[in-house]
1. Could you say whether any residue in the range 212-228 is in contact (Cβ under 8 Å) with a residue 12 or more places away in the chain and over 14 Å from the mean Cα position of the chain (by Cα)?
2. Would you please name the residue that is nearest to the ligand (Cβ to nearest atom), looking only at residues in the range 198-216 that are in a loop (DSSP other than H, G, I, E, B) and open to solvent by less than 10 Å² (accessible area, probe 1.4 Å)?
3. Among (1) part of a helix (DSSP H, G or I); (2) of a type outside the set (Val, Ile, Thr); (3) within 21 Å of the chain's Cα centre (by Cα), there is one condition GLY33 misses while meeting the rest; what is its number?
4. Hey, among the residues in the range 363-407 that are over 30 Å from LEU288 (Cβ atoms), part of a loop (DSSP other than H, G, I, E, B) and in contact with a helix residue (DSSP H, G or I) (Cβ under 8 Å, 6 or more places away or on another chain), which one's least open to solvent (accessible area, probe 1.4 Å)?
5. Can you tell me which residue among VAL83, VAL47, VAL1, VAL73 is β-branched (Val, Ile, Thr), touching a residue at least 60 places away in the same chain (Cβ under 8 Å) and within 16 Å of the ligand (Cβ to nearest atom)?
6. It is to be established whether one or more residues within the range 326-343 are of a type in the set (A, V, I, L, M, F, W, C) and surrounded by fewer than 20 Cβ atoms within 10 Å (Cβ to Cβ).
7. Within the range 282-302, is there a residue that is surrounded by 19 or more Cβ atoms within 10 Å (Cβ to Cβ), farther than 27 Å from SER95 by Cα and touching a residue at least 60 places away in the same chain (Cβ under 8 Å)?
8. On the given criteria, is VAL161 under 28 Å from ALA228 (Cα atoms), surrounded by fewer than 23 Cβ atoms within 10 Å (Cβ to Cβ) and either away from the ligand (no atom under 16 Å from the Cβ) or more than 13 Å from the chain's Cα centre (by Cα) (or both)?
Amino acid sequence: VTLEEARALDAADPLSHCRDRFRLPSGKIYLDGNSLGALPADAPARVARTIEQEWGNHLIESWNRHGWIDAPVTIAAKLAPIVGARPDELLIADSTSVNLFKLLAAAIRARPGRRVVLSEEGNFPTDLYIVQGLQRLIPDLELRTASADCIDEALSEDVAVLMLTHVDYRSARRHDMAARTAAAHRAGALALWDLSHSAGVVELELAGCGADLAVGCGYKYLNGGPGAPSFLFVASALQEQLENVLSGWMGHAAPFEFDAAYRPRDGIGRFLTGTPSIVALAALEAGLDSFDGVTVAAVEAKTRALTDFFIACVEARCPGLALASPRDSRNRGGHVIFAHPGGYAIVQALIARGIVGDFRAPDQMRFGFAALYNRFEDAWLAAEAVFDLIETGAWAQPQFHRRSRVT
Ligand SMILES: Cc1ncc(COP(=O)(O)O)c(C=O)c1O
C-alpha cells in the first residue's frame, strides 16, 4: 500500500470537504476522536456568542430570550438523524454515567419482580460501576455479566434490563442492536444501549430496532468538547411509564411554581434534573452542526473504508502485530486496536511524533478514525510510524514508559 494510493482515496472521498469544518493543529495526525473529538471551527465563535452576547448582554433574560431553557431539547433534535430517533425522544443533559443511573433506575422500577441487570463482561467500567452503586440502594439487585456471544442465553426471566455498549471501547466489536433488543424483549426485559462509541460513527436506528433506552457521550465523535454533556434516549411509548428518581426541578411539570411536591413533566423533559450547562451546550451544538448535510450512511461507509485501509497498511508493514478488533468492518466501530506488550510506550512515542492515539490497559493501542476529518493519508502515515518505531525499537526509550494520569 502506498502513500499515492492513500492520496487517491482522499481525492475520491465524498466527505473530504468536512475536514475544513474543524480546526486541526498543523503537524498533528489526530486519531483520538474516540476520547475527545477535534475542535469544530465554529465552536469558539458559538461559545463566545453565548458568553459575550447572551450571558454578557442579556443576563437572566437569556433563559427566555435565547431559548436557554429549551436547549437540552432543541439541541438534542440535531442528534435525531444521527441516532435514528424522533427529536422528542432525545435529551442532552448531565454525563453519560449520570444518565445511565437515571435510566437504569427507571427501568428496574418498571420491571417489578425482576432483579437482574444483564451486561457484558468487559463493558466500560462506568456502566458496571453505576449498577454497583444501585446495588447499594436496591439490596437484592444482581449484576450479571456474560460474554458477547452468550448474551441471549443469559436472558432469563429475572432480567429487568439488558445493558450493552453497542461498540466496545476496547475491541470496537459492534453488537447487532436489532437482534439483541429483540432477544431482550422476548425475555420481557428492557434494552438499554450505551452509544458512546457509535454515535457519529455508524448508522443507528434506535427506533427501527425497537430500542427502549440509550445514552452516549457528547465529547467523542460528536465533537462537543471536553466534558460535553451526554445524551439520553427514551422511546416515546415508554416515557410516561418511566420515573426519573433524580427528580430535580428541571424535570418538574412547572418548575417556576415552586411546588413542594414533585410532579413530572410530560414527555422526555422529565429526565432532566438540574439547570442545563448552557456554555457546554453551545459547544456541543457546534459539534452536532459539523454533521450538517452529511448522511450517517456516508459516515459509516467512510469509517469502514478508513479502518479497513489502516488495518491493511499496518498488517502489510508489521505482520507480527496482532489485530484485536473484528476483521469484518460490519462488526466494527470507528476505532482499531492492535495489541503489543509495549503498547503504552509505543503510543507515547507516536504522540511524540505528532500522531495521537491512545492506550487501553493492558496492551491495547487504540486508533480512532473520525469520518468527518480523518484522511486516508493519516492512516497511511500512522501505520508507517508504527512500523518505524517497532523496526528501530525507538519506542523502548525510558521517557515513553512514564505513566500519566490520563492515558
Ligand atoms: C462506553 C462508554 N460509556 C461511558 C463513558 C463515560 O461517560 P461519562 O464520562 O460521560 O460519564 C465512556 C467514556 O469513555 C465510554 O467509553
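The values are calculated or read from the model by the stated rules, or taken from the named source; none is laboratory data. Nothing here was measured: the structure is a model prediction, and the numbers come from that model. Neighbour counts are summed over all protein chains in view; Cβ atoms, including those assigned to glycine, are modelled from backbone coordinates with ideal geometry. Accessible surface areas use protein heavy atoms only, side chains included; no ligands, DNA or RNA. Shrake-Rupley method; radii C 1.70, N 1.55, O 1.52, S 1.80 Å.
1. Keep residues of the range 212-228 that are in contact (Cβ under 8 Å) with a residue 12 or more places away in the chain, which gives 212-228.
Going one step further and asking which of them are over 14 Å from the mean Cα position of the chain (by Cα), we end up with 212-213.
Yes: the range 212-228 contains one or more residues that are in contact (Cβ under 8 Å) with a residue 12 or more places away in the chain and over 14 Å from the mean Cα position of the chain (by Cα).
2. The initial filter retains those residues of the range 198-216 that are in a loop (DSSP other than H, G, I, E, B), namely 198-212.
Now restrict to residues that are open to solvent by less than 10 Å² (accessible area, probe 1.4 Å): 198-202, 204, 206, 211.
Numbers: SER198: 9, ALA199: 11, GLY200: 13, VAL201: 12, VAL202: 14, LEU204: 14, LEU206: 16, ALA211: 16 Å.
Only one residue tops the list, namely SER198.
3. (1)
4. ASP363
5. Details: VAL47 fails: within 16 Å of the ligand (Cβ to nearest atom); VAL1 fails: within 16 Å of the ligand (Cβ to nearest atom); VAL73 fails: within 16 Å of the ligand (Cβ to nearest atom).
Of the residues listed, the single one that is β-branched (Val, Ile, Thr), touching a residue at least 60 places away in the same chain (Cβ under 8 Å) and within 16 Å of the ligand (Cβ to nearest atom) is VAL83.
6. First pass over the range 326-343, keeping only residues of a type in the set (A, V, I, L, M, F, W, C): 336-339.
Then drop every residue that is not surrounded by fewer than 20 Cβ atoms within 10 Å (Cβ to Cβ), which leaves 339.
The answer is yes; a qualifying residue exists.
7. Of the range 282-302, the ones surrounded by 19 or more Cβ atoms within 10 Å (Cβ to Cβ) are 282-288, 290-291, 294, 296, 299-300, 302.
Pick out the ones that are also farther than 27 Å from SER95 by Cα and you get 302.
This time we only want the ones that are touching a residue at least 60 places away in the same chain (Cβ under 8 Å), so: 302.
There is at least one residue in the range 282-302 that is surrounded by 19 or more Cβ atoms within 10 Å (Cβ to Cβ), farther than 27 Å from SER95 by Cα and touching a residue at least 60 places away in the same chain (Cβ under 8 Å).
8. Numbers: under 28 Å from ALA228 (Cα atoms): yes; surrounded by fewer than 23 Cβ atoms within 10 Å (Cβ to Cβ): no; either away from the ligand (no atom under 16 Å from the Cβ) or more than 13 Å from the chain's Cα centre (by Cα) (or both): yes.
Here the answer is no, as VAL161 does not meet what is asked.
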